[in-house]
Structures are given as structure tokens and as C-alpha cells.
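Structure first, commentary second.
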Amino acid sequence: MVIVKRKDLSLAERLWLPEIGRALSMTLRAIFKPKVTRQYPEEPLPTTAVTRGQPRLRILEDGENLACVSCGLCEAACPAYAITIDGHETERFIEREPEAFEIDMLRCILCGFCEEACPKDAIFMSNELELADFTRAALVYDIDKLKRPTAALTGRMDYFYKVTNRWRNSSSTS
């Protein structure tokens, strides 16, 4: 049989005074620290090129046509099944284009797989983060809501090309 000798507690220790004192000092230090509250609607969230916001379709330099050729790879790559594409034939040099392109933003998990899967660099993640509306139907974005000029997506495009060029260059040499 092992006998364990316990320390005799003082009156202050029996009344938990050291612990109460530590807790009060921690509380007082927190009270007087500068506040870190962001005034959200007036002060937007900071974004960088790495920020993955909502996906957007890139408009070509001609200003009216999309870069998308309705191949369906982004739809297949989407783990949340948020993308729906219906393509149709065209008379232009691009044989196909989307007749309907919808992204259900309630399902979208902003993973960026659609951006990686696109062979024509037609879809990129934007820096648009706000996602709120009054009805569920309003959060199913169609082509008109998804279109953005190339200039609006250049920050993300530059970052994306910088990150993926190692795979693009290595696959073209082999």
C-alpha cells in the first residue's frame, strides 16, 4: 500500500483565491485591449488574389461572347452537383456554346474544381464574397448573373496561371 502525502492548503487556497485572482486579471486585460470589430457593410472584407469567391464566366474580348464551349467538364468536376449546362451548336468558329448555364449557389461549396477543370479558361472564382438574397430561386445564378468581363477577373486569373503553369508546362513537354 502506497501512502500519498498531500500538501496542506492555506486558507487562501481553500477559498480558491489564487484562481479567482488569475481569472479576474485575465478578464481585466481583455477588457482594455483594443477592439477588433469590423463594420461589415461599410467596411468590406479584405480580399487577395488567393480568395476564392463565387464562380464567374469570362466574357471574351469582343464583349458579347463567352469563352465557354459547353464541354461539361466543370459540371462533371463539381462535387456538390451545383452546375447545370445545356449547350447548343453555333455558326461561329466555336462549335458549341451554352444555351443555359446555371450555378446553384446554395449548393456551391466554392472549392474551385470547376476553375481547374475548364480547358478553355472560361470559369474563374471571383473575389465576390457576399451571398445573400430573399428567396432560394434568386440564388440560382443563370448566364446573365455569371458573366464578367476579363478585366474584372484578371487578379484571380494571374494567380491561377501562376499556380497551375507548372502542370501546364510539364504536360506540354511530355
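Checked against the criterion of being among the β-branched types (V, I, T), surrounded by fewer than 17 Cβ atoms within 10 Å (Cβ to Cβ), touching a residue at least 60 places away in the same chain (Cβ under 8 Å) and on the phi < 0 side of the Ramachandran plot, the stretch 73-87 has no qualifying residue. Here A100 meets each of (1) in contact (Cβ under 8 Å) with a residue 40 or more places away in the chain; (2) loosely packed, with under 15 Cβ neighbours inside 10 Å; (3) part of a loop (DSSP other than H, G, I, E, B) with one exception, condition (3). Taking the numbered list (1) over 36 Å from the mean Cα position of the chain (by Cα); (2) not in a loop (DSSP other than H, G, I, E, B) in turn, V4 passes all entries but (2). For the stretch 122-147, taking the residues that are without any contact (Cβ under 8 Å) to a residue 40 or more places away in the chain and assigned to a loop (DSSP other than H, G, I, E, B), the one that is nearest to G63 (Cα to Cα) is identified as E130. Any idea how many residues of the stretch 16-36 are surrounded by 10 or more Cβ atoms within 10 Å (Cβ to Cβ) and either assigned to a loop (DSSP other than H, G, I, E, B) or among the acidic types (D, E) (or both)? Qualifying residue count, the stretch 16-36: 2. Looking only at residues in the stretch 111-129 that are surrounded by fewer than 16 Cβ atoms within 10 Å (Cβ to Cβ) and within 13 Å of the chain's Cα centre (by Cα), the one that is nearest to S70 (Cα to Cα) is E128.
Looking at E13, E43, just one residue is loosely packed, with under 10 Cβ neighbours inside 10 Å, of a type in the set (D, E) and at pLDDT below 90, and that residue is E43.
The values are calculated or read from the model by the stated rules, or taken from the named source; none is laboratory data. Since the model is a prediction, treat every value here as computed from it, not as a measurement. Please note: Cβ atoms are built from the backbone with ideal geometry, for glycine as well, and neighbour counts cover all protein chains shown.
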